[in-house]
Amino acid sequence: MKKFEYRHVFTKEYNFYLEKANELLNTISFDLSKDIIDLSYQDIICYFQSNYNIHFAFFEANPLEFPENNSWEVDKVENDQSWIKHKNLISNASFEFLDNEIVERISGITIPHGDRTLIFINQDRPFRRIIFTILHELCHYYFHIRNNSKALIFTSLNSEQLEGKYSDELIPFENEANIIGSILFCPTEKLEHMLLCSYNFKDMCRYTQMSESAMHNRLLNYFKHILHLNNQNALNFVLKIRNGQSHIYGPINYKISAKLQNQEKASTNLYSTNIICEICHFKPNEIGSKFCPICASKKTKLYNTLSYLKKEKVMKYSIVKTNSQGTPLDCPKCGTDNLEDNFNYCPYCALFIHNMCLGSNDNRFIETSNFGDYEEKSIYEQASSACGEYLDGGYRYCPKCGNETSFLRQKLLKNWEEELSALEASKKEKDLFFIEEDIDIPNEDLPF
Ligand SMILES: [Zn+2]
Ligand SMILES: [Zn+2]
Ligand SMILES: [Zn+2]
Ligand SMILES: [Zn+2]
């Protein structure tokens, strides 16, 4: 394992940057209507491109500078977009050939240019390093250029050449851009989600697209400055995760829960006031119902920050869409959209169209003789002699008495257990499913 370059920061300084990063993440989350836990580096880039006047240009060395490697018979190459290696990373980027000396030394440059800011990105670097450079340069823009009357130019050097190359004046800016950049790359909530769900180290890197050394340093900073472990313990935790020692997730879970409990005590948190059904994870729309309208259970539990971070989903079950009077927009059996509120039955297929409580079995059958013969009442009759209100089109059970609804009896709604187990099975795979596998993940060092 290579030695990790790790620039020490004090907790006070780290938390100062963390707060700024979280403010920015909140702004982005609000702007894109997406939870922070679900933000990806693409979302961050997209936010900056659509809200600020920033132009990106990729660069690399001109192949004609290396005639010995040049197998083509060309003597001139144009600066055009066809040279861009990662076309999907940034829309409308341009391309420049720069001097080989610059390409060797520099990962990114941010230059204010009138109202506009130009960001140059070295594309002759591993993919994950390029993403990190983009986030780093965006931090320079957002925190150091945007509201600054002095037109500062930031040049990000390659990590191997960092020592002693930045002036003392610039080092705090570089530290800030590195730390905030790494938090944008992997917000604390996302990191906690992965730890609570016991992701192994490789999956953490895949899920966020961070390089191994960047993830190493992100974890180290998290354990030190957020969970407040001492240096030695923090490093031990990181190394155990990297070595796949899965027993380490127990103590980590414990520490995260303790941290969350303190946070929840200190503030009324958005997620701490919600109740969900313990069995089917449905969150009732009405307060005070006795029975869960999806599974008829009486057990509820608190949906708090810990549940949120584990992505314990609040389940949304399938539903028959109705108007505010409880009449289906389309008949769930024959599909007609000609249903009126005063109808009991669909005039085309004779379906009983409102979702109503059908009451207990005593309400379902009537005795037809003294010899124990029973007959089933019509659904309309059962509905008329039970709880009597029109219910939400997704309810399988009456929230008042826990008995079947007419939509469940008529099999108009899908089985909730099947819907739940389909979701559970895909939970972890879902995080990792859509992520393209990298060809190669070089293990380069990053200075944070
Ligand atoms: Zn920089
Ligand atoms: Zn339930
Ligand atoms: Zn019908
Ligand atoms: Zn009822």
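Helix 231-242 and the longest principal axis of the Cα set of the chain meet at an angle near 70°. Surface analysis of the chain yields an accessible area of 52 Å² per residue, using protein heavy atoms and a 1.4 Å probe. Estimated at 0.36 nm per residue, the fully extended path between L329 and S360 surpasses their Cα-Cα distance by 8.3 nm.
For A57, the residues whose amide H sits under 5 Å from its own are S94, I119, F120, I121, ignoring neighbours fewer than 5 places away on the same chain, with H placed 1.01 Å from N. Relative to the Cα centre, the charge distribution of the chain, modelled as +1 at Lys and Arg Cβ and -1 at Asp and Glu Cβ, gives a dipole magnitude of about 1760 debye. D341 contributes an accessible area of around 70 Å² to the protein surface, as traced by a 1.4 Å probe with all chains present. For F30 and K414, the difference between the fully extended length at 0.36 nm per residue and the C-alpha to C-alpha distance is 134.9 nm.
Distance from the alpha carbon centroid of the range 334-396 to that of the range 163-220 works out to 59 angstrom. Using only side-chain charges placed at the Cβ, +1 for Lys and Arg and -1 for Asp and Glu, the dipole size of the range 280-345 relative to its Cα centre rounds to 720 debye.
For the range 11-185, what's the relative contact order in percent, using C-alpha pairs closer than 8 Å and at least 6 residues apart? Don't skip to the answer; put the middle values down first.
Numbers: 210 pairs, mean separation 45.0, N = 175.
About 26 percent, as a whole number.
Against the chain, whose longest principal axis comes from its Cα atoms, helix 171-185 is set at around 30 degrees. Rounded to the nearest 20 debye, what is the charge dipole size of the range 319-413 about its Cα centre when +1 sits on each Lys and Arg Cβ and -1 on each Asp and Glu Cβ? Taking the Cα centre of the range 319-413 as origin, the dipole is about 320 debye.
Under the simplified labelling scheme, the E389-Y348 pair shows an inter-label distance of 3.1 nm, with each label point 7 Å from Cα along Cα→Cβ.
Accessible-area rank, largest first, for C197, C280: C197, C280, with all protein chains present and a 1.4 angstrom probe. Expressed as a whole percent, the accessible surface of the chain that belongs to carbon and sulfur atoms is 49, based on a 1.4 Å probe.
Using a cut-off of under 20 Å, list every residue of the range 198-235 whose amide N is near the label point 7 Å from the Cα of Q42 along the Cα-to-beta-carbon line. 203-211, by backbone N distance to the label point. Given points 7 Å out from each Cα along the Cα-Cβ axis, report the K316 to N230 separation in nanometres with one decimal. So the two model labels end up 4.9 nm from each other.
Just to verify a number: FRET efficiency for A151 and N53, C-beta to C-beta distance, R0 = 22 Å, to 0.05? The calculated FRET efficiency here is 0.95.
Using per-residue counts of other Cβ atoms within 10 Å, averaged over each peptide, order 130-138, 252-260 from highest down.
Listed from highest to lowest mean packing, they are 130-138, 252-260.
Computed from Cα positions, the angle between helix 11-32 and the longest principal axis of the chain comes to roughly 50 degrees.
The values are calculated or read from the model by the stated rules, or taken from the named source; none is laboratory data. Just so it is clear, the model here is predicted, and its values are computed rather than measured. Don't worry about glycine lacking a Cβ; one is built from the backbone with ideal geometry, like all the others, and counts go over all protein chains shown. All accessible areas refer to the heavy atoms of the entire protein, side chains included, with ligands and DNA or RNA removed. Shrake-Rupley method; radii C 1.70, N 1.55, O 1.52, S 1.80 Å.
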